[in-house]
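Notes follow the structure.
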């Protein structure tokens, strides 16, 4: 494990080639090439440090518990050939590790891929997550303001229980989990995702799902998974996404707990329901519309195949 310090002139050059997405001038760069070195670097991390992984396989379960700050983030960076491979448990667990950035690496094996617990402002960028027993990325225990962007998630939920969501926001039935304000954008989710591509739970508010590509070919029907996105949180924006291959619907809203699953806006989504065999086969299936629990489906959404756009009035 090597530790280097980036002084301003050197850092300017690094920015030119895009090598260190979050390092600050004068911050340490810790270079690691083994699982033991990576675990040591995670434990010793301080705000402002960048941990850079060499290409290779890092076997084990990796956990970060040190919080950074919005002004001095901690960054884990590597190429897609830097592979975190777990045999069980979580590949990378950010437990209380607020304001971390995870960039570029691959996470595979194990039960879950990347899990954030009570970690605000986490950015997960350009990662690949695949071949897991359960979900790919989970924002949990009031992990507010998280971002998942420009990443690839596929082949999850190998245990066949319908609990292999690509992205999971919040906790089922737990209104104390306020993982609010999560942004999920520019990702490719699927194929082979053994659950909804995205599941947004009751108790969470303000998730934005923008500009993603969904493939529902892994849907199992277990635990009622029959759509790309399930919305059970409040004030969710679903915009400019593209989806193919689903068993029934494209998007669904649900009220699992009173007062939740309300205020969703669907705008500019392109849905291909060709081949769907479920009962409704709608691009947007709203199960809970009422004056107290509105959902807005704009006419800018389009659908191919199936039985139509939605089961509620469309807003021009």
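The values are calculated or read from the model by the stated rules, or taken from the named source; none is laboratory data. Keep in mind it's a predicted model, so treat the numbers as computed, not measured. Don't worry about glycine lacking a Cβ; one is built from the backbone with ideal geometry, like all the others, and counts go over all protein chains shown.
A few remarks follow.
- Among the candidates 107, 129, the residue that is under 11 Å from the mean Cα position of the chain (by Cα), assigned to a strand (DSSP E or B), at pLDDT 95 or above and crowded, with 22+ Cβ neighbours inside 10 Å is uniquely 129.
- Residue within the stretch 290-301 that is touching a strand residue (DSSP E or B) at 6+ places or on another chain (Cβ under 9 Å), crowded, with 20+ Cβ neighbours inside 10 Å, closer than 27 Å to residue 174 by Cβ and free of Cβ contacts under 8 Å to residues at least 60 places away in the same chain present: yes
- Filter result (surrounded by fewer than 24 Cβ atoms within 10 Å (Cβ to Cβ), under 19 Å from residue 261 (Cβ atoms) and modelled with pLDDT of 95 or more) within the stretch 204-225: 205, 206, 208
- Qualifying residue in the stretch 267-280 (condition: at positive phi and either more than 22 Å from the chain's Cα centre (by Cα) or not in a loop (DSSP other than H, G, I, E, B) (or both)): yes
- Condition check for residue 96: touching a strand residue (DSSP E or B) at 6+ places or on another chain (Cβ under 9 Å), surrounded by fewer than 19 Cβ atoms within 10 Å (Cβ to Cβ), farther than 24 Å from residue 237 by Cβ and at pLDDT below 95: no
- Matching residues, the stretch 227-238, being surrounded by fewer than 24 Cβ atoms within 10 Å (Cβ to Cβ) and in a loop (DSSP other than H, G, I, E, B): 235
- Of everything in the stretch 115-125 that is assigned to a loop (DSSP other than H, G, I, E, B) and free of Cβ contacts under 8 Å to residues at least 40 places away in the same chain, the residue that is surrounded by the fewest Cβ atoms within 10 Å (Cβ to Cβ) is 118.
- Extreme residue, farthest from the chain's Cα centre (by Cα), among residues of the stretch 239-263 that are surrounded by fewer than 22 Cβ atoms within 10 Å (Cβ to Cβ) and outside any loop (DSSP other than H, G, I, E, B): 244
- Inter-residue pairs, beta-carbon under 6 Å, first within 21 Å of residue 152 (Cα to Cα) and in the stretch 215-226, second assigned to a strand (DSSP E or B) and modelled with pLDDT of 95 or more, 6+ apart: 215/244; 218/193
- Check on residue 64, farther than 15 Å from residue 104 by Cβ, at pLDDT below 95, surrounded by 15 or more Cβ atoms within 10 Å (Cβ to Cβ) and touching a helix residue (DSSP H, G or I) at 6+ places or on another chain (Cβ under 6 Å): no
- When the stretch 143-154 is filtered for residues that are buried (at least 19 other Cβ atoms within 10 Å of the Cβ) and in a loop (DSSP other than H, G, I, E, B), the ones remaining, listed by number, are 143, 144, 145, 146, 151.
- Restricting 53, 15, 10 to residues that are within 21 Å of residue 87 (Cβ to Cβ) and either modelled with pLDDT under 50 or out of contact with any helix residue (DSSP H, G or I) (no Cβ under 6 Å at 6 or more places or on another chain) (or both) narrows the list to 53.
- Tally, over the stretch 213-226, of residues that are in a loop (DSSP other than H, G, I, E, B) and at negative phi: 7
- Assessment of the stretch 68-79 against the conditions (at pLDDT below 95 and not in a strand (DSSP E or B)) yields no matching residue.
- In the stretch 18-48, the residue that is surrounded by the most Cβ atoms within 10 Å (Cβ to Cβ) out of those that are touching a helix residue (DSSP H, G or I) at 6+ places or on another chain (Cβ under 8 Å) and modelled with pLDDT of 95 or more is 32.
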